[in-house]
Amino acid sequence: MLRVENVSGGYDRKMIIKNVSFEVGKGEMLGILGPNGSGKSTLLKVISGILHMESGNVMIDGKSLISYSSKELAKKMAVLPQLHSHTFSHSVRDTIALGRYPHQTGLFSSWSAEDEEAVVEAMKLTAMERYEHQMLDLLSGGEQQRVFVAQALAQQAPILLLDEPTNHLDIAHQKQLLDTIKTQAIEKGITIISIFHDINLASLYCDRLLLMNQGEVKVLGAPQEVVKKDQIETVYKARISTNPHPERPKPQITILPDVNEQRSDRTITADNFQVTADLVVFQAETQLKTWSSAVINAGSGWYKNFVNRRVDASYACDNVQEEMLEYLAKNGFSEADTVGMMTAVKTTDAVIKEYDTPFGSIVIMVTAGVGNAVDVSRAHEVEMLPAIGTINTWIIVNGELTDEAFIQAVITATESKTKALAFEQVKDPRTGTIATGTSTDSVLIAATQKGRQIPYAGPITEIGKKIGLGVYECTVEAIQIYKKAKGWK
Amino acid sequence: MSKALIGYILSIVALFVAIWLGVSVGSVKVPISTLWDTGADAIATNIVWKIRMPRVVLAGLVGASLAIAGAAFQGLLKNPLADPYTLGVSSGASVGAVATLFFGISVPFLGIYTLPVFSMIGALVTMLLVITFAKLVDRAMKMETIILTGIIFSSFLGSVISLMIALTGEELRQIIGWLLGSVSMRGWSFVQMALPFVLIGTFLLWLNRRELNAMLFGEERAQHLGVNVKKRKMMILIGGSMLTGTAVAVSGTIGFVGLVVPHMTRLLFGSDNRHVLPLSFINGAALLIVCDLVSRTIISPTELPIGVITAFIGAPVFAFIFFRQRKKGGI
């Protein structure tokens with residue numbers, strides 16, 4: 001559809017872009033990224049024929065750009081520049097209708113049914129119908145931008161060039177605009193080339209990305225090949241980290257600030273625990289990075305209150321989450337800061353121990369109710385498992401854990417728990433075999449993310465060894481307390 | 001009924017009222033029916049056909065030319081303060097016309113068209129110099145650059161005219177009177193002199209009405225929309241200088257019509273150039289006919305130069321637009 005071959009060009013005699021080549025296919029969306037002054041806008045102006053091309057060639061549909069007349073080119077390619085000012089006021093409709101200019105011919109350039117249809121459709125796609133007769137200068141920046149998108153769509157060109165289309169728009173309008181444009185690419189096969197400031201938006205919406213640096217192509221490829229930590233950091237000269245988008249297979253970036261914030265250096269100890277009649281609470285001074293399978297705020301996040309709440313064995317509720325949130329709020333724990341779990345075990349039976357390691361201590365808390373212990377390898381034989389009776393395991397670490405370390409900590413803790421159940425000869429009452437856990441066990445790993453970095457947490461490491469020992473000891477003790485309370489042998 | 005349709009109806013009505021007043025009001029009151037009443041008084045018929053009517057038509061043509069040229073230049077420059085004078089086109093036309101009178105130039109085959117043709121040549125040459133100079137200053141030819149260049153050329157050409165006037169001695173008074181602008185005692189020959197160029201110039205501008213709409217959003221945007229900006233810009237400049245040259249040749253320097261009329265038209269009927277151009281044409285004609293009427297009746301029997309009246313109305317409007325645009329953060 002559009003092929004750029006070794007293009008160099010710029011203003012007057014100053015060469016801004018050097019030897020740029022790429023190709024965009026029908027229906028493809030290409031994002032152009034790069035820091036300020038890297039030549040993104042210049043490249044777009046050269047492609048759209050506004051700026052002089054010093055050498056190279058731009059081929060549109062197999063024909064050279066310079067062989068097109070102004071009107072022919074406008075029929076092939078619509079351009080949406082950045083927001084601009086205008087002196088005289090135009091109505092929204094008249095502005096959008098200007099997009100039909102290249103399609104109108106003859107002395108009187110009469111307005112055809114096709115023109116009307118294109119304008120109405122463009123207004124519909126951008127949700128501008130109700131503004132049809134309003135004056136452009138009375139609209140907000142976001143609405144004006146949508147008018148110009150509609151103008152470009154009314155042009156009905158197979159290629160659409162955009163220069164930072166989401167500039168000055170709020171996130172709802174950013175999403176709306178990009179959704180509209182992307183839908184055009186998918187449904188009508190429109191080829192889109194767009195400059196982006198926002199790397200995350202570009203990665204999310206574009207099929208391929210072109211990263212520019214000092215007027216040259218640094219890298220061209222799929223988002224996961226372009227949005228890489230090292231590449232982005234080198235070109236933009238900013239510290240970032242990459243992470244996956246929660247819904248789409250696209251990389252996203254997060255800026256890592258280089259500002260020293262005052263964070264408490266206090267380490268956490270077993271003293272941070274408080275046990276009341278129906279709560280085991282751990283409160284840290286600052287947020288800890290947490291991975292858990294809790295009822296409230298499961299998954300990963302930063303939290304400073306950890307609550308293990310005792311509920312009756314007969315506790316039943318249609319909406320456990322809602323009831324739990326109400327309960328937490330009533331007890332002064334805000335949802336934003338708190339991870340919440342439940343247990344049927346008496347809170348005073350919780351086992352809390354602290355273990356020293358060379359890099360700092362770890363604190364472990366276990367509550368165990370094993371009345372409904374399960375042999376996980378034979379759980380498939382039983383249709384319904386009771387949900388009451390749970391082993392909750394918390395491991396709180398003074399140190400900085402990597403993602404791998406968090407996962408390995410979970411593995412290590414689980415293996416250790418299973419070993420404790422075997423040692424205590426806890427059996428699955430349905431199969432009579434040694435149980436591996438219960439049907440609703442939860443685990444929580446939290447780390448201060450200060451001090452020494454801990455890359456791994458398997459049994460080969462210092463921390464893995466301590467987690468293995470600690471979880472085993474605590475679980476065995478918790479099971480013994482449980483047995484005693486139940487009057488088991 | 002659309003705003004534009006109302007505009008056309010009101011403007012045409014206003015034009016007819018202006019013509020009616022222009023024909024019938026004066027030192028001698030003449031009924032408008034003289035125009036078609038074959039049995040009318042011979043003196044009245046003479047006054048209407050030999051004196052009033054050519055004067056009204058000429059005033060109308062000049063007003064229409066200046067107004068539509070002003071509207072086009074404003075659209076092109078995206079500057080509501082632009083009019084034929086800002087670009088120096090008017091001064092160029094004046095130099096052409098004054099030179100023709102000063103040297104007594106007469107080209108046989110041009111006949112009566114000698115004056116407007118030289119005036120237009122003056123306008124066009126000035127325009128080309130302004131563009132060449134502006135291009136040397138800034139290759140992208142930003143609008144601001146063109147306006148500033150126009151002002152520089154205006155000042156320079158004004159002094160050339162002053163020099164020529166100083167050298168004329170005898171005919172000094174006549175040329176000064178002409179410079180202030182007047183449509184009196186011209187007769188049908190001046191109408192004949194102006195008409196073809198007014199039609200061609202107006203047609204050239206009208207052909208670019210939609211292009212002017214696109215250029216309101218900037219030349220780059222217009223290019224993206226498929227407008228051949230270089231060619232269209234040239235057509236507009238040629239059409240505009242043709243109209244300005246003609247107006248200056250037949251009536252001298254009449255200022256502010258090109259500024260006031262398009263502005264009022266936009267204010268009342270919207271800024272779509274498809275309508276601003278024709279409406280400015282009609283309203284420019286009406287305005288100048290009325291201004292001429294005022295100029296010859298207000299301190300009768302003495303006649304004021306028509307440029308005095310237009311400046312009297314125009315300068316405050318100029319100030320008002322300037323104030324408003326500044327407030328808006330424009331210009």
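Tabulated results
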quantity	calculated
Filter pass, residue A:434 being within 23 Å of residue A:310 (Cα to Cα) and either among the hydrophobic types (A, V, I, L, M, F, W, C) or outside the structural domain of residue A:298 (by TED's automatic domain parsing) (or both)	no
Filter pass, residue A:143 being free of Cβ contacts under 8 Å to residues at least 24 places away in the same chain and touching a helix residue (DSSP H, G or I) at 6+ places or on another chain (Cβ under 9 Å)	yes
Residue, nearest to residue B:204 (Cα to Cα), within segment A:91-119, restricted to residues that are more than 9 Å from chain B (Cβ to nearest Cβ) and of a type in the set (S, T, N, Q)	A:105
Within segment B:90-116, tally of residues that are without any contact (Cβ under 8 Å) to a residue 12 or more places away in the chain and part of a helix (DSSP H, G or I)	2
Some residue of segment A:72-90 being away from chain B (no Cβ under 14 Å) and more than 24 Å from residue A:11 (Cα to Cα)	no
Total residues in segment B:1-27, condition outside any helix (DSSP H, G or I) and within 19 Å of residue B:186 (Cβ to Cβ)	3
Candidates B:304, B:268, B:279, B:293, filtered to the one that is farther than 20 Å from residue B:178 by Cα and modelled with pLDDT under 95	B:268
Out of B:272, B:292, sole residue that is acidic (Asp, Glu) and closer than 26 Å to residue B:117 by Cβ	B:292
Qualifying residues in segment B:212-255 (those that are within 14 Å of chain A (Cβ to nearest Cβ) and closer than 30 Å to residue B:118 by Cβ) - the one least open to solvent (accessible area, probe 1.4 Å)	B:212
Boolean, residue A:88 is assigned by TED's automatic domain parsing to the domain that holds residue A:158, assigned to a loop (DSSP other than H, G, I, E, B), surrounded by 14 or more Cβ atoms within 10 Å (Cβ to Cβ) and not acidic (Asp, Glu)	yes
Test: residue in segment B:209-232 that is modelled with pLDDT of 90 or more and at positive phi	yes
Odd one out for residue A:67, checked against (1) modelled with pLDDT of 90 or more; (2) within 13 Å of chain B (Cβ to nearest Cβ)	(2)
Filter pass, residue A:390 being modelled with pLDDT under 95, touching a Pro at 6+ places or on another chain (Cβ under 8 Å) and open to solvent by less than 60 Å² (accessible area, probe 1.4 Å)	no
Top-ranked residue in segment B:78-106 [being open to solvent by 10 Å² or more (accessible area, probe 1.4 Å), more than 13 Å from the chain's Cα centre (by Cα) and under 22 Å from residue B:222 (Cβ atoms); ranked as nearest to the other protein chains (Cβ to nearest Cβ)]	B:78
Residue within segment B:264-276 that is of a type in the set (A, V, I, L, M) and closer than 24 Å to residue B:191 by Cβ present	no
Test: residue in segment A:21-33 that is away from chain B (no Cβ under 14 Å), in contact (Cβ under 8 Å) with a residue 60 or more places away in the chain, basic (Lys, Arg) and not in a strand (DSSP E or B)	yes
Residue match in segment A:270-284 (condition: open to solvent by 20 Å² or more (accessible area, probe 1.4 Å), without any contact (Cβ under 8 Å) to a residue 40 or more places away in the chain and not in a strand (DSSP E or B))	yes
Positions within segment A:95-105 being surrounded by fewer than 22 Cβ atoms within 10 Å (Cβ to Cβ) and modelled with pLDDT of 90 or more, in sequence order	A:103
Filter result (in contact with a helix residue (DSSP H, G or I) (Cβ under 9 Å, 6 or more places away or on another chain) and either over 28 Å from residue A:289 (Cα atoms) or open to solvent by less than 90 Å² (accessible area, probe 1.4 Å) (or both)) within segment A:232-253	A:232, A:236, A:238, A:240, A:241, A:242, A:245, A:250, A:251, A:252, A:253
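A quick yes/no check of all residues on (1) open to solvent by less than 10 Å² (accessible area, probe 1.4 Å); (2) free of Cβ contacts under 8 Å to residues at least 12 places away in the same chain; (3) touching a strand residue (DSSP E or B) at 6+ places or on another chain (Cβ under 9 Å):
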{"site": "A:162", "(1), (2), (3)": "yes, no, yes"}
{"site": "A:173", "(1), (2), (3)": "no, no, no"}
{"site": "A:180", "(1), (2), (3)": "no, no, no"}
{"site": "A:190", "(1), (2), (3)": "no, no, yes"}
{"site": "A:193", "(1), (2), (3)": "yes, no, yes"}
{"site": "A:202", "(1), (2), (3)": "yes, no, yes"}
{"site": "A:207", "(1), (2), (3)": "no, no, yes"}
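The values are calculated or read from the model by the stated rules, or taken from the named source; none is laboratory data. Note that this is a predicted model, so its numbers are computed, not measured. FYI the Cβ positions are ideal-geometry reconstructions off the backbone, even for glycines, and counts take in every protein chain you see. All accessible areas refer to the heavy atoms of the entire protein, side chains included, with ligands and DNA or RNA removed. Shrake-Rupley method; radii C 1.70, N 1.55, O 1.52, S 1.80 Å.
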